[in-house]
Amino acid sequence: MWNELGSSPSSDEFEITVFGPGYGESVVVHLGDGKWLIVDSCIDTSDPQRQPAPLQYLRGIGVRPELAVKFVVASHWDDDHVRGLSEIVKAAPAARFICSHVLPDEKFGSFVEALSIGSAATDGGNVRNIRQILEILEQRRSVIWKASPGRTICASPVIRTWSPSDYDANEFLLYVAQMHPRAGEPLRRPSLGTSNLTSIVLSIDWPKCSVLLGADMERHPDARRGWQAITSLAQELGWTKASYLKVPHHGSDTGHDDAMWRELLEREPTSVVAPFGRGPRHKRPPKSSDVRRISELSGSLYLTARQLDPPKTRMSVAVTRSLRDGAISFVSQKSPFGMVRSRSKDGSGWTHETFGLATRVK
Amino acid sequence: MRSSAANSTSWLDSAESGTDQLSDTYAGNTRWLNAPKNTFQPSGAFFEASSATASTAPRPIDSRRRAPLTEAAPGLQPTPNSPRGQIAVLGEWNGCVLDIDQSSSYFTASLKGVLGEGIEGEEEDALIPVSDVSDWDLELLKPGNFFRLSVIHEIQSSGQPRRYTQVVFRRLPAYRQQDLDVAGERARQRSRALRVE
């Protein structure tokens with residue numbers, strides 16, 4: 001796969017490439033004129049060097065990240081979005097780092113530092129990566145741009161962040177405060193399961209087309225939160241309907257919002273789903289019902305990887321039998337990996353290519 | 001009084017830390033350990049030795065686990081000269097609890113292989129029956145907590161081989177206030193140094 005990437009797009013050609021899952025999900029965008037944006041990071045687990053896929057991709061098509069990457073976005077702090085992100089930040093010193101105001105917040109920083117005590121045992125990949133990113137940015141004295149609803153971070157093309165709302169960010173910080181380790185409690189690994197509503201939804205508007213990158217955003221019954229908050233703000237500020245969607249939250253039902261499809265997207269857009277790559281197979285989105293739902297709403301639909309079972313680790317027969325006898329089931333974290341690349345010369349039409357285990361559904 | 005299971009568990013832990021109780025005999029990817037004395041456990045159709053669970057009394061075997069625990073590992077079939085009273089760790093993982101099933105019958109965990117053929121360095125997600133956790137360890141079955149999963153082959157003092165899985169939760173040291181204060185101060189300094197617009 002990595003040997004078949006071809007060359008970089010021409011300066012007037014836009015590109016969106018979605019990677020996943022392997023370990024995580026990521027998007028790279030050619031904004032035009034050799035300028036690139038990277039959202040999140042993921043790892044192709046079959047790569048023995050475990051390089052972040054966006055860096056491997058850009059180098060593979062002859063782009064030098066240290067010069068060409070102008071924006072790095074950490075959509076939220078979940079491990080499947082930030083694994084390898086500190087390497088990307090390190091490799092792209094010219095890039096502006098964009099995140100929610102949660103990550104550089106002192107309360108969150110204190111939480112990250114506390115969970116780094118005894119770090120050999122307890123820090124998860126996300127804590128380690130966020131801590132390293134903050135250290136790099138502190139040393140560089142570079143400015144972090146805070147994503148907020150409706151903020152324009154680039155004028156040409158127009159890139160806007162649509163989340164998180166202050167309400168969601170504050171809710172998350174309250175949750176962080178509750179989870180903050182206290183003296184006397186045993187060392188443990190952080191477990192924060194509520195950060196999706198703090199993820200950063202992006203829109204990119206070229207003269208003739210727009211795209212919506214849905215991150216892991218989910219719907220929420222509270223109008224101040226999730227997709228409800230985004231769609232109402234978009235109507236208030238003005239919105240160009242998008243013809244391309246990076247489907248939110250791995251295509252799950254919780255990421256689906258009727259108003260988002262109706263108000264923010266053209267009819268039958270191109271949709272790309274990066275499946276979730278962790279945990280028991282039956283719990284991983286998208287389920288077949290999710291794929292059917294998205295397919296019905298889309299003109300074309302791509303998955304970055306078919307939902308194949310990951311290869312089983314080759315253990316001895318005795319160990320395999322013992323685990324089976326003990327009703328212990330294993331799923332390798334080496335999830336199938338692929339990418340979907342979409343390019344357009346003037347925004348009037350896209351050509352799509354699939355690599356690795358990516359597939360076209362519709 | 002703890003059963004010998006607890007003895008063997010703590011003994012494994014001390015072996016791990018490199019004390020002289022470890023008989024450093026490696027055979028391929030199998031680590032043989034001298035079992036402590038008096039490790040005889042009742043085995044059979046209805047009771048299993050509780051080393052897998054470190055409970056104080058033999059526990060009824062779960063129907064799912066009634067499978068042949070005495071089946072010898074390939075290459076480890078007992079012979080008249082087999083090292084009686086020894087156990088071998090066939091596979092070992094460091095685990096971290098991710099989530100506990102709503103029915104509380106299973107928990108999911110992230111594992112990293114420590115020892116064993118094809119295991120070392122491999123990362124897995126696992127679904128493990130809560131019934132594998134001893135009563136002693138149940139209070140530690142919480143997201144974020146660490147445990148060790150082992151597959152153990154034992155040749156009992158009777159010469160009877162048995163193989164079983166074992167889940168042992170790790171009791172890590174506690175956070176200290178002075179460390180948390182240092183972490184908080186470090187975060188304050190960084191927050192002041194970072195330029196956020």
**Report entry** Residue tally, condition more than 7 Å from every other protein chain (Cβ to nearest Cβ), assigned to a helix (DSSP H, G or I) and open to solvent by less than 50 Å² (accessible area, probe 1.4 Å), over segment A:135-162
**Finding:** 1
Query raised in the report: Mind checking whether some residue in segment B:179-186 is assigned to a loop (DSSP other than H, G, I, E, B), closer than 25 Å to A:H180 by Cβ, touching a helix residue (DSSP H, G or I) at 6+ places or on another chain (Cβ under 9 Å) and at the interface with chain A (Cβ under 7 Å from one of its Cβ atoms)?
Result: no
Query - Complete set of residues in segment A:163-186 that are aliphatic (A, V, I, L, M), open to solvent by 20 Å² or more (accessible area, probe 1.4 Å) and touching a residue at least 40 places away in the same chain (Cβ under 8 Å) - result: A:A177, A:M179
Query - Condition met for A:R64 (open to solvent by 10 Å² or more (accessible area, probe 1.4 Å) and within 14 Å of another protein chain (Cβ to nearest Cβ)) - result: no
Requested in this report: Determine the pairs where a residue that is under 20 Å from A:D44 (Cα atoms) and assigned to a strand (DSSP E or B), located within segment A:334-362, has a partner that is of a type in the set (V, I, T) and open to solvent by 70 Å² or more (accessible area, probe 1.4 Å) with Cβ atoms under 9 Å apart, the partner being 6 or more residues away or on another chain.
Outcome: A:R341/A:T351; A:S342/A:T351
Query raised in the report: Where residues in segment A:303-330 are open to solvent by less than 30 Å² (accessible area, probe 1.4 Å) and outside any loop (DSSP other than H, G, I, E, B), which of them is farthest from A:E4 (Cα to Cα)?
Result: A:D325
Query raised in the report: Which of the residues that make up segment B:162-178 are more than 8 Å from chain A (Cβ to nearest Cβ) and either in contact with a helix residue (DSSP H, G or I) (Cβ under 9 Å, 6 or more places away or on another chain) or crowded, with 19+ Cβ neighbours inside 10 Å (or both)?
Result: B:R162, B:Q166, B:V167, B:V168, B:F169, B:R170
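Given the condition within 16 Å of A:G338 (Cα to Cα) and outside any strand (DSSP E or B), answer yes or no: does some residue in segment A:73-91 qualify?
Taking every residue of segment A:73-91 in turn, at least one turns out to be within 16 Å of A:G338 (Cα to Cα) and outside any strand (DSSP E or B).
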Requested in this report: Considering (1) farther than 25 Å from A:Q132 by Cβ; (2) of a type in the set (F, W, Y); (3) open to solvent by less than 20 Å² (accessible area, probe 1.4 Å), say which one B:F146 fails and leave the rest.
Outcome: (1)
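Hey, among the residues in segment B:131-140 that are out of contact with any strand residue (DSSP E or B) (no Cβ under 6 Å at 6 or more places or on another chain) and within 12 Å of chain A (Cβ to nearest Cβ), which one's surrounded by the most Cβ atoms within 10 Å (Cβ to Cβ)?
B:S131
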Query raised in the report: If we keep just the residues of segment A:81-103 that are within 11 Å of the chain's Cα centre (by Cα) and open to solvent by less than 20 Å² (accessible area, probe 1.4 Å), which is farthest from A:V176 (Cα to Cα)?
Result: A:L85
Query raised in the report: Taking A:S203 and the conditions (1) at pLDDT below 95; (2) within 25 Å of A:E13 (Cα to Cα), which numbered condition does it fall short on, given that it satisfies the others?
Result: (1)
Query - Pick from segment A:108-124, criterion in contact with a strand residue (DSSP E or B) (Cβ under 9 Å, 6 or more places away or on another chain) and buried (at least 17 other Cβ atoms within 10 Å of the Cβ), ranking: modelled with the highest pLDDT - result: A:G124
Report summary line: Of the residues in segment B:139-196, those that are over 15 Å from the mean Cα position of the chain (by Cα), of a type in the set (G, A, S) and closer than 30 Å to B:A88 by Cα number 4
Report task. Might you check whether a residue that is on the phi > 0 side of the Ramachandran plot, open to solvent by 10 Å² or more (accessible area, probe 1.4 Å) and part of a loop (DSSP other than H, G, I, E, B) occurs anywhere in segment A:223-232? Result -> no
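The values are calculated or read from the model by the stated rules, or taken from the named source; none is laboratory data. Treat the numbers as computed from the prediction; the structure is a model and nothing was measured. Heads up, the Cβs are rebuilt from the backbone with ideal geometry, glycines too, and the neighbour counts pull from every protein chain shown. When the accessible area is computed, the model is the full protein with side chains, heavy atoms only, and any ligands, DNA or RNA have been set aside. Shrake-Rupley method; radii C 1.70, N 1.55, O 1.52, S 1.80 Å.
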